[in-house]
Structures are given as C-alpha cells and as structure tokens.
Amino acid sequence: MDKLKKSLKSDGPLIRICIRIIGSIIFLMDSLVPKKNHTILFLSYEGKKISDSPRVIFDYLQAKQDDYQYIWAVNPDVDTSDVAVKKSVRIVNAKSPLYFWYLFRAKVWIANCSAERLFPVNYNKHVYVQSWHGIPLKKLGEDEPNLNYLTKSWYKRARFDLLTVESDYDKRVFQKIFPATINAVVMGLPRYSQNHFGTSSAPKASLNNAKKTIMFAPTFREYNVASDGKIVETQLLTSKNMEALNSRYNVLYRGHYFTAKVTSSSLIDVSSIEDLPSLLNRVDILISDYSSIVFDAAVQHVPVVLYTPDRVQYLKYRGMYVDPQDLGLPIFENSDELQDYLLSLDDLEELKKISTSVFQRFLYQGNREDTLNEIANLIGGR
C-alpha cells in the first residue's frame, strides 16, 4: 500500500485520473460496508507510533468506557505490547489493504493525521476526531508550496466532526487549510492533558546527573533526500561542536518520524521514545528549528533555543506562518556561535522567562482536564 500511495503522490494528468478512479472506489466501498457502532479506530503518525493525542484519548476512554471495541492501526515494526493486553483492543496492520475494512467499519476515527489515508470517504457515516500532531509553524495545505495533488486535495476535502486546537492562532490556520471543517474548537490538544509529566522513560543510565541535558529535535527537510529515497538529517552540529558540548551537557537527539535514523557516538538517540512529555521532563534546554516540538517544550516550561542554518532555504521551499527570527527566542544560524552560547549560558531561569513570554499566545489557557471529557461526550453522544 505504501508503494501505491507513493506513486499517487506524483503529479501529472494520468496520475490525477487514477486518483479520481481509486478515490471513487474507496468512497463507494465506505458507503456500502456496514458501520459497527461502539467501535473506535486510532491512528497516530500514519501508524508509525502509538502515541500523542490518540494515545491519550485511548487511555482516557479505557478508564471511563466499558462498551467500546478499540482498534489500533500500526505498522508491523511497532511495539504494541503495552496496548495489546488492554481490554477490547485489536491491533491491525496500517500498511495492509485490510486497514480500509476496519476503517470503514469503525463508527469513530481518532487520529493526528489522515485516517482515510488522503482518499475520499463518506464522512457522514463516521465521527471523525482530529487532533493534529502539533501547533503549525510550517505552512500546510493550500499554503504549502511544492505539495502534491493527492495531499492538497485531502486538505480541501477533509471534514472533521471535531478539530481540537490550542488557541486562536492555530484555529485561524486550520480553518484556512481545512475549509470543509467548521467545528474547530479551542479546547487544548489532548496530548497536553496527560498526568504523567513526573515520570520518565528517558535512558537514565546514559545520562550524567552532574550535567544539564540538551535535546536537539530538528524537523525534516523535504529537499534532503538520499539516493534510497529516505529523508536524511543534515543540519546537526559538527563533531567538534558535539565534543565541546559533551563536556558540559548530556546531548540527546530526537529525529522527526519522516527522517532516517542518525548514528553518532556524540548523541544519545531518543527518537524511538514515544512518551515525549516524560522525555522532556528530563531536558533542561530544547534546541530546535521549525518544528512544533517547541510548543511541547513550552507547555512543560522547558526553555527553547533555535538553530536554523538553512532558514532562507527553508522559508523559500516550505514557508512558515511565523518567521523564527520574529519569535523573540535566542536564534543561531552558525554552529560555532550556538556552541559558544550554550557553553557560556549561566542564567537558565532568564531563558525560561523568555520562552514563557514568547509562547503564551500560542497555548490554551483553560482547564486541560476538561478536554478529554468533552471528546468522550462527543463520541458517546453521536
């Protein structure tokens, strides 16, 4: 199914005709397959993880509801042991054509990406809860240059019964890029409603408690593609920079889920850790670029420093709703200057104050524990 989807993301008249034909078949099948009430399908990061808002909603419903069948769609290489043992759970292969059978059968879809895998479906048949995987800084949908026809069409067509947003900032963005969705509600993202910020799944044995911990978490670059078609990370610091930083800090690396694995003896790779809140609980400073992970850090009062060596290229190719230089955070385009800043940083509290001030307008100011209750009420009432 991945190969088919990749082929359809090409552009051209024949590809567009194929997309319309396949889309019509999928819509017809969704309309004909009988719906199964009290069945919820979860999809997170296209099946690459069991995490984020879908996982938080799942855990909440598991504790509150006894009469639902829960379906988790995941890729074959994902560890499902912690959810497979829970009550009324079925694990299905997100890469299999059978995925669509379970999708069509489920009354409720809960996702942080395209549950319908970008194809047309009968939205009137399902209750579709969308909690996007972050607050957008990068341009999306019709605003995104170089976007393929299949994905662009999905943004225009997608209709969610509930689209959870953090503030008026992302509500404006989502209302523009998802024009068919009218119920975008400022209620906070479920991913921030978790109560386990005090635990940690970070590799404690690998961390020196005498040092502060920094985490590099860059986003992916569509234009950094290797010969095998994988997106590679090219924006890390030099080995000399890493060696210098290791003298004072534990240095973690968390890659984007689109990016190929990075191997470096100077980094502790935490990309596979799904529990981001607990991971951030071990981090003293986040180093990022154009990624929405900066908002995750802000919720947990982790100060942020930006490293954007390709800012001009990125703004031209992908585009941003907010230029990183305009945020008011410490920002560097030269790796040596970033290194010098981090090694000379003494006042971490002042950096925290700056981050708190910058991100306040982007974050939900209400009671986050009401968020999950409202979603449960929507599901139960439909």
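Computed over protein heavy atoms with a 1.4 angstrom probe, the accessible surface ordering of 149, 155, largest first, is 149, 155.
Give the shape of region 68-222 as rounded, prolate or oblate, defined through the alpha-carbon gyration tensor: a ≥ b ≥ c are the square roots of its eigenvalues, a/c under 1.5 means rounded, and otherwise the shape is prolate if a/b is larger than b/c and oblate if not.
On the way: a/c = 1.73, a/b = 1.22, b/c = 1.42.
Here region 68-222 falls in the oblate category.
Here region 1-155 is treated with +1 on each Lys and Arg Cβ and -1 on each Asp and Glu Cβ, and its dipole about the Cα centre works out to around 320 debye. Using a probe of 1.4 angstrom and keeping all protein chains present, the accessible surface of the chain works out to 44 square angstrom per residue. With helices as the sole contributors, the chain gives -10000 deg cm²/dmol at 222 nm; each DSSP H run of n ≥ 4 counts as -39500 (n - 2.57), and the sum is divided by every residue. Ranking 99, 182, 253 by how far each Cα lies toward the positive end of the dipole of the chain (charges on Cβ) leaves 99 at the top.
Please get the size of the charge dipole for the chain, origin at its Cα centre, with Cβ charges of +1 on Lys and Arg and -1 on Asp and Glu, quoted in debye to the nearest 20.
Details: 48 positive and 43 negative charges, 345 e Å.
The dipole magnitude comes to about 1660 debye.
Can you give the charge dipole size of region 99-158 about its Cα centre, rounded to the nearest 20 debye, using +1 on the beta carbon of Lys and Arg and -1 on the beta carbon of Asp and Glu? Don't skip to the end; give the middle numbers.
On the way: 9 positive and 4 negative charges, 41 e Å.
Dipole about the Cα centre, nearest 20: 200 debye.
Within the full protein context, the accessible area of residue 357 is estimated at about 90 Å² for a probe radius of 1.4 Å. Sorting the segments 347-353, 371-377 by their mean number of nearby beta carbons within 10 angstrom, highest to lowest, gives 371-377, 347-353.
Only protein atoms count toward the accessible area here, which uses a 1.4 Å probe; on the chain, the carbon and sulfur part of that area reaches 50 percent. Residue 301 sits with roughly 120 Å² accessible to a 1.4 Å probe, with DNA, RNA and ligands left out of the calculation. A dipole drawn for the chain from +1 and -1 charges on Cβ atoms has a positive end, and of 13, 302, 146 the residue lying farthest that way is 13. Specify which residue in the list 218, 22, 345 is farthest towards the positive end of the charge dipole of the chain, using unit charges on the beta carbon of Lys, Arg (+1) and Asp, Glu (-1), about the Cα centre. Ranked along the dipole, the leading option is 22.
The values are calculated or read from the model by the stated rules, or taken from the named source; none is laboratory data. Since this is a predicted model, take the numbers as computed values, not measurements. Positions of Cβ are generated from backbone atoms using ideal geometry, with glycine treated the same way; all protein chains shown enter the neighbour counts. Just the protein is used for accessible areas: all its heavy atoms, side chains included, with ligands, DNA and RNA removed. Shrake-Rupley method; radii C 1.70, N 1.55, O 1.52, S 1.80 Å.
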